[in-house]
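Peer 1: I have a structure here, written as structure tokens, and I will follow up with some questions on it.
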Amino acid sequence: MLKGDRRKMREWWLLVGLLCIPLLAVYLHIPPPQLSPALLTWRSAGAFFTFRSNNIFYRETYGAVGSSDVVILLHGFPTSSLDWYKIWEPLNRRFNRVIALDFLGFGFSDKPRPHRYSIFEQASVVEALVSHLGLTEQRVNLLSHDYGDTVALELLYRSDHNRTGHLTINSLCLSNGGIFPETHHPRFLQKLLKDSSFLSPVLTRLTNYMVFSKGLGDVFGPYTQPTDAEFLDMWTGVRFNDGNLVMDSILQFINQRDEHRDRWVGALTSTFIPESIHFVPPNPMLSFSFRKLVQRSTVSVLDEHISHYPQLEDPTGFLNAYFSFINAF
């Protein structure tokens, strides 16, 4: 290759590089999608309280007259309190107060960074919300999913050990969380995000709607996939306040489950709350472990085509199982 040709080739690659840099910068800072009418309605129906200088979103409605029963809903990763929208009204007809929140780092709540997110802190967020709502003397029912299951177990531990500020738990319903770390298998991207300090900041910025919807769709059943609008609402909730940039920090909860297994599984197996544990798993391994270790509990298994989000995939079946449990008290 002649010297002039080599110079032109270098100039061409330099031009390509100069063009790619702003394009990559734009890609990595794609503005979050606009809130849909459904998300705008959900947020306008809620409120915020302050926890350690951070704003926490919650929603509360009053329902059944003549009842003092309260249910608090604890959502999973990586979504938000919107996970409960399909069963909200039926719960509202059964309970006097239905309450849900977006954990710190999720949904409409603040997403500080850098920040060491932990299950312990999220449990304190729930306790602070209960205090904020004047429910410290009220027996509450906890209904949790996924990430929320582990938060619920920390709350159960504090309740059984009379920790200051603990909730008074009336019942606990767990659904599809990694309660037993040995039966939980994180997805490949989750492993990279939680364990790779070098790659995590890059991966959180490179994750886009297509990657997100594909990964989340894999944990739904083949016949119960979210609609495009539902996928987009979930992604919008993640992107709100740059939540995609803290996902690696939040995913440390997987490591925390391993580290504190004895504390949280121990709370499950030794709780003083009578007949208060309920589980709705389509996962046979989880069901077997649960029946073996928590023998006095009730277990409901939904149809085999239902997968990780039963409250969204089969709200009727999920509610029937939950009401059968809660009405037996």
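Peer 1: Suppose the filter is touching a Phe, Trp or Tyr at 6+ places or on another chain (Cβ under 9 Å), open to solvent by less than 50 Å² (accessible area, probe 1.4 Å) and closer than 21 Å to Leu167 by Cβ; does Asn54 pass it?
Peer 2: Considered against the rule, which asks whether it is touching a Phe, Trp or Tyr at 6+ places or on another chain (Cβ under 9 Å), open to solvent by less than 50 Å² (accessible area, probe 1.4 Å) and closer than 21 Å to Leu167 by Cβ, Asn54 comes out as no.
Peer 1: Separate question: Select from segment 98-125 the residues that are closer than 21 Å to Leu143 by Cβ and among the hydroxyl-bearing types (Ser, Thr, Tyr) and write down the one among them that is nearest to the chain's Cα centre (by Cα).
Peer 2: Result: Ser109.
Peer 1: So which residues in segment 60-90 are more than 13 Å from the chain's Cα centre (by Cα) and buried (at least 23 other Cβ atoms within 10 Å of the Cβ), if there are any at all?
Peer 2: Val71, Ile72 - these are the residues of segment 60-90 that are more than 13 Å from the chain's Cα centre (by Cα) and buried (at least 23 other Cβ atoms within 10 Å of the Cβ).
Peer 1: While we're on this one: Of these, Ser159, Ser171, Ser197, which one is at pLDDT 90 or above and not in a helix (DSSP H, G or I)?
Peer 2: When all the criteria are applied, what remains is Ser171.
Peer 1: Exactly one condition in (1) at pLDDT 95 or above; (2) in a loop (DSSP other than H, G, I, E, B); (3) open to solvent by 10 Å² or more (accessible area, probe 1.4 Å) is not met by Pro114; state its number.
Peer 2: (1) is the only condition that Pro114 fails.
Peer 1: Any idea which of (1) within 19 Å of the chain's Cα centre (by Cα); (2) at positive phi is the one Phe57 doesn't satisfy?
Peer 2: Condition (2) is where Phe57 drops out.
Peer 1: Just to verify a result, which residue in segment 266-296, among those that are modelled with pLDDT under 75 and among the polar types (S, T, N, Q), is most open to solvent (accessible area, probe 1.4 Å)?
Peer 2: In this case the residue turns out to be Gln295.
Peer 1: Now, a different point. Cβ contacts < 6 Å: first residue touching a residue at least 12 places away in the same chain (Cβ under 8 Å), restricted to segment 55-72; second residue among the polar types (S, T, N, Q) and open to solvent by 40 Å² or more (accessible area, probe 1.4 Å), any location; separation 6+ or different chain. Result?
Peer 2: Val70/Gln138
Peer 1: Just the residues that are without any contact (Cβ under 8 Å) to a residue 40 or more places away in the chain and of a type in the set (Phe, Trp, Tyr), please, taken from segment 287-317.
Peer 2: Phe288
The values are calculated or read from the model by the stated rules, or taken from the named source; none is laboratory data. All of these numbers come straight from a predicted model, not from anything done at the bench. Note that each Cβ is placed from the backbone with ideal geometry, even for glycine, and that neighbours are counted across all protein chains shown. When the accessible area is computed, the model is the full protein with side chains, heavy atoms only, and any ligands, DNA or RNA have been set aside. Shrake-Rupley method; radii C 1.70, N 1.55, O 1.52, S 1.80 Å.
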